[in-house]
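The values are calculated or read from the model by the stated rules, or taken from the named source; none is laboratory data. Just so we're clear, the structure is a prediction, and the values are computed from it rather than from any experiment. Positions of Cβ are generated from backbone atoms using ideal geometry, with glycine treated the same way; all protein chains shown enter the neighbour counts.
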Amino acid sequence: MHIENFKIFADLVQTKSFSQAAKINGITQSAVSQQLRAMENHFKILIVDRSQKQFKLTNEGKKLHESSNEILNLYERLNCELQEMKKVISGNIRVSTIYSVGLHELPPFMKKFLQSFPNVNVHLEYRRSNLVYEDVLHNIVDMGIVAYPTKNRELEYIPFLEDELVVVCSPDHELAKRNEVNLNEISEHSYIGFDNDIPTRKATDQIFRDLSINVLPVMEFDNIETVKRAVEINAGIAIVPRGTIKQEIEKGLLVSLNFEGHKFTRPIYIIHRKGRVLTPAMEKFINLLNPTKESEEKTEE
């Protein structure tokens, strides 16, 4: 029985999906089924209760899953210790990130990391926020990056950035000559928002509710790039993270305004499964995104 068998089985139990387990491990769905049957033949037990419509382990399957996780954790720890002994940081890191962070916040960090650790391959997946959580919880990726994190007892949260929210408008808009805007004025102008399920939209809606301001978007989009394009053509104003509009501001395509008497920020966090064994490469990546975490660890030592 190879370690890959235990890994595929653990992914199958975690996702409860043969297709997802196949995707995670880069094999076919048929291969996952064959691996499961091979394990059942090897241990001479029935692992999955096939009389049930939904995926369900037998008692023997539950015990095997528990032991599989222990074996995988021991293997990961051994692999990490051997890498540390070689003092060469290498390997692969799979990261799932929301579009705005992946496109605008991560690039300078990625450049620095890859220059410092050329033997590490970082694979980025650009996803909607809810899918980032799924990727992390189902072990499709090693870690995720989200804004306005939703608490989950299965996840660990590490601060990354605090990005200030600002109002943006076209240089042709009547607000363009000002430096600040009162929140109450937002409702007086055509407003472009994110879709209802986007965390930044939920945060701005909460701001409006707290201040009893009624704002009804004339357009709604699911990503920052489309919002910016709509603002550029003067279809309305929007509230966006400052870090996502640096290029447009430099090129004169957009104008940013601060909130009069208020400052709002968008918290961005790194997330990974609790109890996950972090390889030296993963730890270096997290410490680059959050230097204070590395400092705290050294203090504890």
Legend entry - Residues of the stretch 192-206 satisfying the condition of being in contact with a helix residue (DSSP H, G or I) (Cβ under 9 Å, 6 or more places away or on another chain) and surrounded by fewer than 16 Cβ atoms within 10 Å (Cβ to Cβ): D195, N196, D197
Inset, instruction - Within the stretch 131-154, track down each residue that is assigned to a strand (DSSP E or B) and under 22 Å from K23 (Cα atoms). - result: M143, G144, I145
Legend entry - Residue tally, condition free of Cβ contacts under 8 Å to residues at least 12 places away in the same chain and either hydrophobic (A, V, I, L, M, F, W, C) or under 28 Å from I93 (Cα atoms) (or both), over the stretch 32-45: 1
Inset, instruction - Please report, ordered by residue number, the helices (runs of 4 or more DSSP H) entirely within the stretch 26-123 with at least 1 residues that are under 30 Å from R242 (Cα atoms) and of a type in the set (A, V, I, L, M). - result: 107-116
Legend entry - Odd one out for P171, checked against (1) assigned to a loop (DSSP other than H, G, I, E, B); (2) assigned by TED's automatic domain parsing to the domain that holds I239; (3) modelled with pLDDT under 95: (3)
Inset, instruction - Determine which member of the set K62, K111, K44, K56 is farther than 21 Å from A21 by Cβ, loosely packed, with under 14 Cβ neighbours inside 10 Å, modelled with pLDDT of 85 or more and not assigned by TED's automatic domain parsing to the domain that holds Y126. - result: K44
Legend entry - Residue check, R209 surrounded by 18 or more Cβ atoms within 10 Å (Cβ to Cβ), of a type in the set (K, R) and free of Cβ contacts under 8 Å to residues at least 24 places away in the same chain: no
